[in-house]
Amino acid sequence: MLIERIWAANAYRNFHYLIACPETGEALAVDPLKWELCNEAARRRGWQITQILNTHEHGDHTGGNAGLVGATHAKVLAHAGAASRIGGVDRGLARGDVIRVGRTVELECLDTPGHTMTHVCLLGHAEQPALFCGDTLFNAGAGNCHNGGDPGLLYETFASQLAQLPDNTRVFPGHEYLARNLEFTLDREPQNADAQVLLARARDDAPTNAVVTTLAEEKRVNAFFRLQNPLVIARLREPFPDIGEHPDARTVFLKLRELRNRW
Ligand SMILES: [Zn+2]
Ligand SMILES: [Zn+2]
């Protein structure tokens, strides 16, 4: 499985991805808003884009479909429940579906509601697995729920699906928000040394060189995976004293999401 990350250089800070088969050169484009950049990257690598995957229905993820289909005749894949809102979807996806790219790449579809109700993540099975997680999980952060989402479902997705994946899984989100998210982690947990080190690095790196985290790292630096950390809880009780001394993980997640919304 070959992966190329493409930085959109736009205000939304989108990342696009090409996932290609090393044997056939067939490629799948994930959320190719700046579709010309994706097409150009594929051309440089000698790849043919045969499929487009939208993680969800928001315009900054689907807005390049028509242009890229026009240029490549690629098939469009998205959550079956989002197909009517996106339009032009050739294959509606459900949990457990397998997407093949060329001869060697197999991507498993995860049904991951929360940011919207019809959001998929792709899990690339490889020696080091790769998770393409759209706006569900960000490096050191979590998606918001302002535009058709539900924070309770986002918590369920984190706890019952994402946190269960192998620790060495690489995290490939739909936006570059690493430094900002780490600042939130450190606002919640100022003594988190891993977050301090990673933040210094994130501030130095250009977005084209942004670090690719693993789930093991996320569990150390992402507040939304640190729900039973005593320091996180102690500090959360300052704005939310009614959560008590031993709030459950879901309560902590929801309060962190609420704080992050206005942070
Ligand atoms: Zn979105
Ligand atoms: Zn987005």
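The values are calculated or read from the model by the stated rules, or taken from the named source; none is laboratory data. Please read all numbers here as calculations on a predicted model, not as lab measurements. Every residue, glycine among them, receives a Cβ derived from its backbone with ideal geometry; neighbour counts consider all protein chains shown. Surface areas here come from the heavy atoms of the whole protein model, side chains and all, with no ligands, DNA or RNA. Shrake-Rupley method; radii C 1.70, N 1.55, O 1.52, S 1.80 Å.
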**Q.** Alpha-carbon Rg/Rh ratio, for the range 148-248, with Rh computed the Kirkwood way
**A.** 0.98
Q. Once amide H atoms are placed 1.01 Å from N in the peptide plane, what residues at a sequence separation of 5 or more from Val76, or on another chain, have their amide H within under 5 Å of its amide H?
A. Ile52, Asp90, Arg91
Q: Mind running the shape call on the range 1-95? Use the C-alpha gyration tensor, a ≥ b ≥ c as the square roots of the eigenvalues: rounded below 1.5 for a/c, prolate if a/b tops b/c, oblate otherwise.
A: oblate
Q: Would you mind getting the accessible area per residue of the chain, heavy atoms of the protein chains only, 1.4 Å probe, in Å²?
A: 42 Å²
Q. Carbon and sulfur together cover what percent of the accessible area of the chain at a 1.4 Å probe radius?
A. 47 percent
**Q.** Leu2-Ala66 pseudo-label distance in nm [points 7 Å out on the Cα-to-Cβ vector]
**A.** 3.1 nm
Q: Starting with the highest mean, order 216-224, 243-251, 59-67 by the number of other Cβ atoms within 10 Å, averaged over the residues of each peptide.
A: 216-224, 59-67, 243-251
Q) Short version: ³J(HN,Hα) in whole Hz for each residue of the range 227-240, in order, from phi by Karplus 6.51 cos²θ - 1.76 cosθ + 1.60 (θ = phi - 60°), x for Gly and Pro, what are they? A) 7, 10, 5, x, 6, 4, 5, 4, 6, 5, 6, 5, x, 10
Q. DSSP beta bridges in the chain, what fraction antiparallel, as a percent rounded to 5?
A. 65 percent
Q | J(HN,Hα) series, the range 250-263, from Karplus relation 6.51 cos²θ - 1.76 cosθ + 1.60, nearest Hz, glycine and proline x | A | 5, 4, 5, 4, 5, 5, 5, 4, 5, 5, 4, 4, 10, 7
Q: Please report the Cα spread of the range 136-183 along all three principal axes, rounded to whole Å, starting with the longest.
A: 30, 25, 18
Q. What does the highest-first list of 204-211, 139-146 look like by mean Cβ count within 10 Å?
A. 139-146, 204-211
Q. When the chain is fully extended, how far beyond the present Cα-Cα distance does His125 get from Val98, taking 0.36 nm per residue of separation?
A. 8.7 nm
Q) Roughly what would the spin-label model give for Leu37 and Asp187, points 7 Å off Cα along C-beta, in nm? A) 2.6 nm
Q) About its Cα centre, what dipole magnitude does the range 180-220 give when the only charges are +1 on Lys and Arg Cβ and -1 on Asp and Glu Cβ, stated in debye to the nearest 20? A) 20 debye
Q.
Which three extents, in angstrom, do the Cα atoms of the chain have along their principal axes, listed largest first?
A. 56, 38, 34
Q: Give the dimensionless ratio obtained when the Cα radius of gyration of the range 48-166 is divided by 2.2 N^0.38 Å.
A: 1.04
